[in-house]
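Structure record follows, encoded as structure tokens.
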Amino acid sequence: MPDGTPAIALGLAINGISTYGFLVLARRAVGDEAYGGLAIVWSLVYILGPGLFQPLEQEVARATAARGSLGQGSAPVLRQAANIGVVFLALVFTGVLVAWPLGLSGMLDDRPDLLAALLLGLAAFAFAELGRGILSGRHLFTEYGRYFAAEG
């Protein structure tokens with residue numbers, strides 16, 4: 001079994017259990033009516049976030065590992081990926097803001113605070129993917145697993 005596999009598995013398990021717990025507690029705390037918008041924000045963040053920004057993680061991991069094998073640091077990779085990520089995030093924000101009057105507002109119960117939560121969640125995913133790419137590119141798989149546990 002590769003190094004870090006148990007840590008990653010445990011991190012993902014903790015992430016899944018804590019996510020389930022969050023959703024159950026959130027529903028009880030805000031009630032069924034208000035929970036709908038929150039559940040949609042959560043779903044969009046956890047579908048769009050990895051779907052849109054995981055390529056950043058993969059490229060950062062690949063380039064970091066390649067540079068590491070040559071004894072080089074990962075700062076240039078991270079800088080370039082962060083710049084690309086910011087531009088891509090701006091495009092995603094634009095798409096979300098365009099979608100707001102076209103139906104997204106209705107899905108989020110016409111609540112600008114849920115729109116802000118969606119935008120912040122997507123931004124967090126964009127930058128988290130950079131960190132995950134560095135961890136996996138440097139073969140820090142135990143820390144990678146801890147990341148997943150903390151994310152949950």
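Bear in mind that the values in this text are calculations on the coordinates, not laboratory data. The model shown is predicted, which means the values in this text are computed figures rather than measured ones. Methodologically, a virtual Cβ is constructed for each residue, glycine included, from the backbone with ideal geometry; neighbour enumeration extends over all protein chains shown.
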Seminar exercise, completed: Quick calc, residue 120 & residue 62: beta-carbon distance into FRET formula, R0 25 Å, rounding 0.05, result 0.35
Exercise. Using θ = phi - 60° and the Karplus curve 6.51 cos²θ - 1.76 cosθ + 1.60, what whole-Hz ³J(HN,Hα) does each residue of the range 105-117 get, with Gly and Pro shown as x?
Worked result: 4, x, 5, 9, 6, 6, 10, x, 5, 6, 4, 4, 4
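With the cut-off at 1.5 for a/c, could you classify the range 17-76 from its C-alpha gyration tensor as rounded, prolate or oblate? Can you show the working numbers first?
On the way: a/c = 5.40, a/b = 3.29, b/c = 1.64.
The shape class here is prolate.
Classify the range 80-150 from the C-alpha gyration tensor, please: rounded if a/c falls under 1.5, else prolate or oblate depending on whether a/b exceeds b/c. Intermediate values should be presented prior to the final figure.
Numbers: a/c = 4.54, a/b = 1.99, b/c = 2.28.
Since a/c reaches 1.5 but b/c is at least a/b, the shape of the range 80-150 is classed as oblate.
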Exercise. Considering only the other residues whose Cβ falls under 12 Å of the Cβ of residue 128, what net charge follows from Lys and Arg at +1 and Asp and Glu at -1?
Worked result: -2
Exercise. Most mobile of 137, 85, 31 per a Gaussian network model of the chain (Cα springs, under 10 Å)?
Worked result: 31
Seminar exercise, completed: Listed residues 33, 59, 129; largest mean-square fluctuation, Gaussian network over the chain with Cα springs below 10 Å, found at 33
